[in-house]
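Colleague: Before anything else, here's the structure in question.
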Amino acid sequence: MRPVSRSSVCLLGGTGFVGSRLAARLLRAGHAVTVLSRDPERHKALLVMPGLALERCDVYVEAALAERLRGHDVVINLVGILNERGFGGRGFRKAHTQLTETAVDAARSAGVHRFLQVSSLGAAEDAPSHYLRSKGAAERRLRERAGAMEWVIYRPSVIFGPGDSFLNRFAGLLAAVPWVLPLAMPDAKLQPVHVDDVVEALRRGVEGSVPSGTTLELGGPGVFTLREVVRFVASCTGRPHRILGLPRFASRLQALGMDFVPGRPFSSDNYRSLTVDSVCSDDGFARLGIRPRSMEGSAPAFLGARESNARFSRWRRRAARD
């Protein structure tokens, strides 16, 4: 695909953490952006972005999706879940594998030129977790079914940034659990990547500067254990805690118990995913000429602000009571 000055881009999963920032970045770059959702009313806040189109579509229905994709140059599939409602992997296969197959077929039918797939580090069909297996199967579906349509696969490590569900989740746990935090899989290795660096890599894919058939592994400049990440969050938020690292058998028991907690803050599938280090074997950012920002240099700005805002809220409530 030759570099283009302006493309018509359709985002699947564009209402989420990465998708909303990507939409804003593409609009600033002069591209036309459409976000599809089964319930656009829930996401009307996105319409504050000038030029963004928010359209209703059940993305699991191929005919309906193909109709919405007609006239677009690029499709970006950002759809992903960290946990399913039930057990056994059916929810993961639907959200990751089945949807990717439907989206690729619909995009080909609609005459889309390029398909960008956001996968995950560690994705493989023989991986230990349903999450990673379904992501790996989705990659294979894309390669097999793309035909003449160009494609690029992005494999980020855990993504952080303002409003994320990674660092902010640990900040919430530290606020809720006094003094000692029992941490499952404390020695799992991660290479946290800033959301805006992933967004920039995707923008370059839209504009054709990433060759078709490329798989890019995206990680930040530092590798950390999960224990080190939580200690960092504790330092940023001013919440000194003792981190009690659990051995694997206790980590698995904790996950089994959390399987039945509303919202599943940690699950058996999350546990199995953490048995695979989320660390790059190839530097995708170097291949793109992007210098990724560090967690240590970026995260204090929003984690510290979060804690400051929390303190101000407590003071306001106390003042109102007095």
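The values are calculated or read from the model by the stated rules, or taken from the named source; none is laboratory data. All figures in this text were calculated on a predicted structure; none of them were measured in a lab. Positions of Cβ are generated from backbone atoms using ideal geometry, with glycine treated the same way; all protein chains shown enter the neighbour counts.
Colleague: Which ones in the stretch 19-30 are under 22 Å from the mean Cα position of the chain (by Cα) and either aliphatic (A, V, I, L, M) or not in a helix (DSSP H, G or I) (or both)?
Modeller: Selection gives LEU22, ALA23, ALA24, LEU26, LEU27, ALA29.
Colleague: Of the conditions (1) in a helix (DSSP H, G or I); (2) more than 25 Å from VAL9 (Cβ to Cβ); (3) under 15 Å from the mean Cα position of the chain (by Cα), GLY220 satisfies every one except a single condition; which number is it?
Modeller: (1)
Colleague: Do the conditions hold for ALA127, that is, is it of a type in the set (Gly, Ala, Ser) and within 21 Å of LEU36 (Cα to Cα)?
Modeller: Answer is no for this residue.
Colleague: A follow-up question, please. Can you tell me which residue is surrounded by the fewest Cβ atoms within 10 Å (Cβ to Cβ) among those in the stretch 41-56 that are on the phi < 0 side of the Ramachandran plot and part of a loop (DSSP other than H, G, I, E, B)?
Modeller: Looking at the filtered set, the residue picked out is PRO50.
Colleague: Could you please find all residues in the stretch 90-123 being assigned to a loop (DSSP other than H, G, I, E, B) and either at negative phi or of a type in the set (Val, Ile, Thr) (or both)? Give the steps one after another, and end with the answer.
Modeller: Step one: of the stretch 90-123, the residues assigned to a loop (DSSP other than H, G, I, E, B) are 111-113, 119-123.
Within the stretch 90-123, VAL112, HIS113, SER119, SER120, LEU121, ALA123 qualify.
Colleague: Further question: So, in the stretch 1-37, exactly how many residues are among the charged types (D, E, K, R) and modelled with pLDDT of 95 or more?
Modeller: 3
Colleague: Kindly indicate the residue of the stretch 139-173 that is in contact (Cβ under 8 Å) with a residue 24 or more places away in the chain and charged (D, E, K, R) and also surrounded by the fewest Cβ atoms within 10 Å (Cβ to Cβ) among those meeting that condition.
Modeller: ARG169
Colleague: Output the number of the condition that ARG93 fails; it satisfies all remaining conditions of (1) farther than 30 Å from ARG264 by Cβ; (2) of a type in the set (Lys, Arg); (3) in contact (Cβ under 8 Å) with a residue 12 or more places away in the chain.
Modeller: Among (1) farther than 30 Å from ARG264 by Cβ; (2) of a type in the set (Lys, Arg); (3) in contact (Cβ under 8 Å) with a residue 12 or more places away in the chain, the lone unmet condition for ARG93 is (1).
Colleague: When residues of the stretch 239-255 are filtered for being closer than 20 Å to PRO178 by Cβ and either of a type in the set (Val, Ile, Thr) or within 27 Å of the chain's Cα centre (by Cα) (or both), how many remain?
Modeller: Number of matching residues: 5.
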